[in-house]
Amino acid sequence: ACAGRTGAALQPDPDGVAELDLRQHASLQAVGGSLRVTIGDDPVLVVHARDEAGAQDGGYVALSSKCTHMGCKVDYDAPSHEIRCPCHGSKFGEDGEVHNGPA
Ligand code: FES
């Protein structure tokens, strides 16, 4: 997957809502897929997540791709189903929960 590429640039409506047509992005079809988008100026990572048991389709999540530690751009690691920050090693679950500091 091309984690560094932005797949779509979306503009939020006046309520701050933006829509992404998931069917148009091949990289999102399978569980473990991800796509970088921007919504206005905000970088967002869209992930096709696992369910809580870890085996099945858990639907889609959209998370800010700015690390909560110091704002580096995080990446999705499909094999571990984690979101990782290249700067200081923070790791997050697909739900955005911190698995590993310093975030
Ligand atoms: Fe992400 Fe420091 S900015 S771990």
Förster radius 22 Å - calculated FRET efficiency between Ala8 and Ser80, Cβ distance, rounded to 0.05
0.35
Could you check the simple spin-label distance between Asp51 and His88, using points 7 Å along Cα→Cβ, in nm with one decimal?
3.7
Please work out whether the chain counts as rounded, prolate or oblate from its C-alpha gyration tensor, where a ≥ b ≥ c are the square roots of the eigenvalues and a/c under 1.5 means rounded, while otherwise a/b larger than b/c means prolate and anything else oblate?
oblate
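Using DSSP, restrict attention to beta bridges with both residues in the chain and report what percent are antiparallel, rounded to the nearest 5. Each step should come with its number before you reach the end.
Numbers: 20 of 24 bridges.
In the chain, approximately 85 percent of DSSP beta bridges are antiparallel ones.
Read-outs throughout are calculated quantities, based only on the coordinates presented, and are distinct from any laboratory measurement. These figures come from a predicted structure and were not determined experimentally. When we count neighbours, we look across all protein chains shown, and the Cβ atoms used for this are built from the backbone with ideal geometry, even at glycine.
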